[in-house]
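Novice: Please read through the structure below; I'll follow up with questions.
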Amino acid sequence: MSSQPTRQLHLNAFIYPAGHHEAAWRHPLTQPERVFDADYYQQIAKTAEAAKFDGIFFADGPALRSEARYNAAGRLEPIALLSSVAAATDRIGLIATASTTYYEPYNLARLFSTLDFLSQGRAGWNIVTTSSEAAAENFGLPAHPDPSIRYERAREFVDATVRLWDSWEDDAVVLDRDAGLYADTDKIHRAEFVGKHLQVRGPFNAPRSPQGHPVLVQAGASNDGRAFAAQYAEAIFTAHQTLDHAQAFYADIRSRAKALGRNPDHVKILPGISPFIADTERGARELEQEFNELTVPAYGLFQLRGITQVDLSEIDLDASVPEDIFGDAGDVTDNKRSRKQVVAGIVAREKPTVRQLLHRLAGARGHRVVAGTPEQIADTIEEWFTSGAADGFNVMPPYYPGGLEVFTDTVVPLLRERGIFRTEYTGTTLREHLGLPRPASQFAGDRVGSHAS
């Protein structure tokens, strides 16, 4: 084996309660009765930590987005849940999704700062603007804001939140018992953020957390999402079906980040991969087929409408999907709705029937599904990692908890043999796992006019 390269693969476990396949809860390998139990998620996190994964990740949204008639719908609130997971683990990163549309900066800053303290520096915030129209009604609003407005607010939200986290300089806490001095208030600053959508005075009511501030993660790949990610994201979760599309996205984001004066190496790009794994390729494909046969077409059509705004319910399940029905999806560089573009690409390349398309999307909602042996899964990961398509992956097991265990037991050892994945943690924080610097407070050295009063 050649000497270990400097660049190392990053792996997160993307936790979707029963598994990422939409019919996972019906399969005997899963445990849907446990999806509201803390120890279930602690077990999954411990599996990921034992394999030296960078982190675990929870998606979330402030509405019941799935059709509960046909799936194990509903979610525990991820920041509170990850506080429980933090108590049961030592090193694994803890990434929660929270919406800039339906939170306010001060309360969200407190939640993530607290998680970072409780976990001793393992928190990450997956920044979303929320795509669910149903969310607005849960917050007494007449309508869900348009994407451009949501991203305007999101930029202000992140700016305000980071200013709050930065408002205490690193050495603001003095702890001088003899002098009776707890903190140097000249080093505690008001945020004084005033924007079009948000105003936050500050200062924050806690010192800087162990990482300076939690890792900023983003998951949108639309044009608005790419611009936002290039400006703010330290890790990007994305969905791609083909190597060339992933390479184009990877190059685009790094170019945008560099143009904004950022170090592109400090933006980690992590596509999703949902692996069905067996000793033989045939066995893996049979396992995938087992799950597909448990799908309910009505649920698949509901999900398809949710991610593409395209309704195929009037078309026979065994008829071909009309290609022109996705005609406004755009291409890899001109996409208004990134997931719709992924689905349009599947239809253009594979010419599926409606049923076949529903099965293609059942595995991971547009993320790449791979069925094969551990060697084949490792080959795919290595190819994308070494050919300018990814810095790592969000591993999306089709079923939990066993799907992650199979991956860590069979694929991870192969990645280590190839010298591209760690054998031990070399740091203690999520930033250290990802090779990201600890940010300095933007107020450091500022002593005029902005300190707390």
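Read the figures in this text as sums done on the coordinates, not as results from a lab. Nothing here was measured: the structure is a model prediction, and the numbers come from that model. Because the Cβ atoms are built from the backbone with ideal geometry, glycine has one as well, and the counts that use them run over all protein chains shown.
Novice: Determine, for ILE269, ILE79, the number of other Cβ atoms within 10 Å of each Cβ, and report the residues in order from fewest to most.
Specialist: ILE79, ILE269
Novice: Can you give me the distance in nm between label points at ARG282 and HIS197, each placed 7 Å from the Cα along the Cα-to-Cβ direction?
Specialist: Here the modelled spin labels are 5.4 nm apart.
Novice: By its C-alpha gyration tensor, with a ≥ b ≥ c as the square roots of the eigenvalues, how is segment 94-209 shaped: rounded for a/c under 1.5, else prolate for a/b larger than b/c, else oblate?
Specialist: Cα axes put segment 94-209 in the prolate bin.
Novice: I would also like to ask the following. What's the exposure ranking of ASP37, ASP146, going from fewest to most Cβ atoms within 10 Å?
Specialist: Taking fewest neighbouring Cβ atoms as first place, the list is ASP146, ASP37.
Novice: What order do you get for VAL395, VAL174 when you list them from fewest to most C-beta neighbours inside 10 Å?
Specialist: Ranking VAL395, VAL174 by Cβ neighbours within 10 Å, fewest first, gives VAL174, VAL395.
Novice: Run through the DSSP bridge list for the chain and note the antiparallel percent, rounded to the nearest 5.
Specialist: Bridges in the chain are about 20 percent antiparallel.
Novice: Could I ask something else about it? What number does segment 1-125 give for Rg over Rh if you use C-alpha atoms and the Kirkwood radius?
Specialist: Ratio of gyration radius to Kirkwood radius for segment 1-125: 1.01.
Novice: Still on this structure, I have one more. List the aspartates and glutamates whose alpha-carbon lies under 20 Å from that of LYS196, not counting same-chain residues fewer than 8 positions away?
Specialist: GLU104, ASP146, GLU152, GLU156, ASP159, ASP224
Novice: While we're on this one: Among the trypsin sites (Lys or Arg not before Pro) within segment 189-238, which fall in a DSSP loop and have no more than 15 other Cβ atoms within 10 Å of their own Cβ?
Specialist: Hits after loop and neighbour filter: LYS196, ARG201.
Novice: I've got another one for you. Kindly provide the GluC sites (Glu not before Pro) of segment 261-316 that DSSP labels as loop, not H, G, I, E or B, and whose Cβ sees at most 16 other Cβ atoms within 10 Å.
Specialist: Within segment 261-316, the qualifying GluC sites (Glu not before Pro) (loop, at most 16 other Cβ atoms within 10 Å) are GLU293, GLU314.
Novice: Taking a 29 Å limit on the Cα-Cα distance, which of the listed pairs LYS52/LYS268; LYS187/LYS258; LYS268/LYS340; LYS46/LYS268 fall beyond it?
Specialist: LYS187/LYS258
Novice: Considering the alpha-carbon set of the chain alone, what are its Rg and its Dmax in angstrom?
Specialist: Using the Cα atoms of the chain, the pair Rg, Dmax is 22.2, 81 Å.
Novice: Now a separate question. Mean residue ellipticity at 222 nm from the helices of the chain, using -39,500 (n - 2.57) per DSSP H segment of n ≥ 4 over the full residue count, to the nearest 500 deg cm²/dmol?
Specialist: Mean residue ellipticity, 222 nm, calculated: -11500 deg cm²/dmol.
Novice: With the dipole of segment 341-453 worked out from charges on the C-beta (+1 for Lys and Arg, -1 for Asp and Glu) around the Cα centre, which of MET396, THR428, GLY345 lies farthest toward the positive end?
Specialist: With unit charges placed on the Cβ atoms, the residue in question is GLY345.
Novice: When only DSSP loop residues count, what trypsin sites (Lys or Arg not before Pro) in segment 22-113 have their Cβ near at most 13 other Cβ atoms within 10 Å?
Specialist: Those satisfying the criteria are ARG69.
Novice: Something else about it: For LYS351, go through the aspartates and glutamates and keep the ones whose alpha-carbon is under 13 Å away, minus same-chain ones fewer than eight residues off.
Specialist: The qualifying aspartates and glutamates are ASP318, GLU323, ASP324.
Novice: Helix 243-259 versus the longest principal axis of the chain: what angle, 0 to 90°, nearest 10, using Cα atoms?
Specialist: Tilt relative to the chain: about 20 degrees.
Novice: Let me ask something else about it. Tell me, what is the FRET efficiency for GLU133 and ASP90 to the nearest 0.05, using R0 = 41 angstrom and their Cβ-Cβ distance as r?
Specialist: 0.50
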